[in-house]
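Read through the structure below, which is laid out as structure tokens, and then see the notes.
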Amino acid sequence: MTADEFRAIVLSLPDAEERSHMNHPDFRVKNKIFATLSPDLTWGMVQLKPAEQQEFMLLAPEIFSPAPGKWGENGSTKIALSNVSDDSLVREAVGQAWKNLGEKLGRAKKR
């Protein structure tokens, strides 16, 4: 999978938009990040719940891994783009990250 293919998947979701953070692309809904691309465009990242992260890592450990440090412990999940031959799991992970953000934004609205 290329960075442009990852970008197309992310931007196909409602209200998703691309911006930049710390010199690399990120993807947001209502100014909240749910996915990014690395500065060298070799990997993507999605924000999952830790249990979801574990499920994806079990399904495809060559594709999914935790981001370093606390970010990874909290569900930030790296996607090795060069290891993706079938985009179905990436689409699922990106969709789940988008859904998680929507749930989080919904909770924030109710406060």
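Of the lysine pairs in the chain, how many meet both conditions: Cα atoms under 15 Å apart, and a spacing of 8 or more in sequence or different chains?
The number of close lysine pairs in the chain is 11.
Hydropathy first: keep DSSP H helices in the chain averaging at least -1.0 on Kyte-Doolittle, then drop any whose Cα extent along the axis falls short of 27 Å, and list what survives.
88-110
Give the Debye-formula value of log10 I(q)/I(0) at each listed q (0.14, 0.19, 0.20 Å⁻¹), with one equal scatterer per alpha carbon of the chain, two decimals each.
Normalising to I(0) and taking log10 leaves -0.49, -0.93, -1.04.
We did not get these values from a lab; they are worked out from the coordinates using the rules stated. A quick note: this is a predicted structure, and the numbers were derived from the prediction, not measured.
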